[in-house]
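Note sheet for the following structure.
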Amino acid sequence: MKFEYKGREAEFSTLTGIVISSQRHSETHVTSSGGGGYVGSNGGYVSAPTVSSYAIDCHDFWLKTTSGEEVSVQLRGMNIPLREGQKVVMLLVKKPKHSAKYAALINKTTNKYFILANAKELTAWAHLYEYVNPAEFIGMVIGAWLMLCIPAYGASFFMRESTTEIATFLTAVFMGYRVISRIFYFFKNIEVENVFMQKVNQVCQSI
């Protein structure tokens, strides 16, 4: 199965098996920030650090495939209802020649499916985002410089403007191009995210 859209593509694959073991637990992470102070001859102060903690739900289960192989699946930040004996299809997504990532879990016993990552994570993993091409950007900058520099310096000779003002103008042009290109690619990538997630849902429903 493939996803193709405006020259970008990703591959889907599946892993099917029967749940033979399912365990849930949580991982607690503790962080601290701040704190410190100083003590001198005239006194000082000491402030305690701020300590915070958060827990992440973990779901580990084993699948026995049709070939008899046992595969371990580890999910983080997910709490999916699953029990032994249920038939499950794991949907994986990847860019050609790259490693795969679990995109969805389809429970064939209950006829329900669960998306395992958000649109940004899956789209990034499949390398579907489009960014400003550095070579293209450099070429356009040089071209803009050649087109604007010579007329600008000629105009400065007659209008007696300082080279600092000209440099400021050219810098503004380059920065404007950079901002506009980033906005352009931002909306293009949002479009790719939406189309890609629609495809993921269609694949889950068709399995």
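Identify, from the list Ile80, Ile106, the residue that is among the β-branched types (Val, Ile, Thr), in contact with a His (Cβ under 8 Å, 6 or more places away or on another chain) and over 10 Å from Ile18 (Cα atoms).
Unique residue meeting the criteria: Ile80.
Answer yes if at least one residue in the stretch 7-24 is basic (Lys, Arg), within 20 Å of the chain's Cα centre (by Cα), under 24 Å from Val200 (Cα atoms) and modelled with pLDDT of 80 or more, and no otherwise.
No: the stretch 7-24 contains no residue that is basic (Lys, Arg), within 20 Å of the chain's Cα centre (by Cα), under 24 Å from Val200 (Cα atoms) and modelled with pLDDT of 80 or more.
Could you tell me whether Ala103 is aliphatic (A, V, I, L, M) and touching a helix residue (DSSP H, G or I) at 6+ places or on another chain (Cβ under 6 Å)?
Criteria met by Ala103.
Is there a residue in the stretch 24-44 that is closer than 30 Å to Phe196 by Cβ and either without any contact (Cβ under 8 Å) to a residue 12 or more places away in the chain or of a type in the set (Gly, Ala, Ser) (or both)?
no
Among what's in the stretch 46-77 and is surrounded by 14 or more Cβ atoms within 10 Å (Cβ to Cβ) and of a type in the set (D, E, K, R), pick the residue that is farthest from Ser33 (Cα to Cα).
Lys64
The values are calculated or read from the model by the stated rules, or taken from the named source; none is laboratory data. Given the structure is predicted, the values throughout are model-derived calculations rather than measurements. Methodologically, a virtual Cβ is constructed for each residue, glycine included, from the backbone with ideal geometry; neighbour enumeration extends over all protein chains shown.
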